[in-house]
Amino acid sequence: MVREAEKRDLDAILELYLYLHEDSIPETDMHLEQTWEQIISDPNHHLIVNEVEGMIVSSCVCAIIPNLTRNVRPYAFVENIVTHEEYRGNGYAGDCLDYAKNIAENENWLEHLEQFGLLDSMKKVMLGDRLFGRAKKMEFVVFDSTSRENELREKNWNVNLQKAYEKGNKLFIKE
């Protein structure tokens with residue numbers, strides 16, 4: 001079941017984040033509790049979880065950002081997409097992303113992107129392909145060694161940047 005996180009979910013989410021990039025669970029202290037309270041009470045911060053048989057197995061964060069430009073329309077970020085190692089390959093993160101997409105659509109940020117001609121290009125990037133279920137229908141570009149933990153990240157940075165530029169540049173050239 002996909003839903004927004006509740007106050008009682010903190011421990012389960014911290015456990016799940018061990019499969020993202022954390023190597024330990026932070027100590028429960030005032031700072032952690034205040035941060036959690038801020039996240040849960042912020043109407044623009046959506047921590048989405050997918051629960052299977054009472055266990056949170058996947059999550060992502062969708063943050064709606066108020067904006068003064070583009071006719072005072074908000075935009076959204078989706079971050080911290082993670083699935084428990086033993087539950088990967090079942091579409092649980094995709095379900096979270098679909099939920100995030102619905103939240104973002106309700107804030108009209110997709111309409112905003114379309115209005116300014118950016119939606120088509122965004123749909124072709126990795127997250128856009130996943131959100132719109134298109135990754136299997138078109139070429140999917142994988143950038144090697146981009147994880148923060150990977151020691152080759154800096155070495156491959158320029159190669160991956162050039163690859164992204166070449167792919168992105170083709171989006172705007174009409175053949």
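Here are a few things to note about the model shown:
- In plain terms, the chain from SER24 to GLU79 could stretch by 17.9 nm, reckoned as 0.36 nm per residue minus the Cα-Cα distance.
- If R0 equals 45 Å, the separation of the Cβ atoms of HIS31 and GLU166 corresponds to a calculated FRET efficiency of about 0.55.
- Apportionment of accessible area to carbon and sulfur, segment 1-41, percent (1.4 Å): 51 percent
- Between the beta carbons of GLU105 and GLU53, assuming R0 = 30 Å, the FRET efficiency works out to 0.55 to the nearest 0.05.
- Modelled spin-label separation between ASP98 and ASN71, with each label point placed 7 Å from Cα along the Cα-to-Cβ direction: 3.0 nm.
- The Kirkwood hydrodynamic radius of segment 1-85, based on inverse pair distances between different Cα atoms, is 13.9 Å.
- Separation between Cα centres of segment 44-101 and segment 1-21, rounded to whole Å: 11 Å
- For segment 21-112, with +1 on Lys and Arg beta carbons and -1 on Asp and Glu, the positive-most of THR69, TRP36, GLY91 along the dipole: THR69
The values are calculated or read from the model by the stated rules, or taken from the named source; none is laboratory data. Predicted, not measured: the structure shown is a model, and the values here were computed from it. Here Cβ is always computed from backbone atoms with ideal geometry, including for glycine, and neighbour counts include all displayed protein chains. Surface accessibility is based on the protein's heavy atoms, side chains included, excluding ligands, DNA and RNA. Shrake-Rupley method; radii C 1.70, N 1.55, O 1.52, S 1.80 Å.
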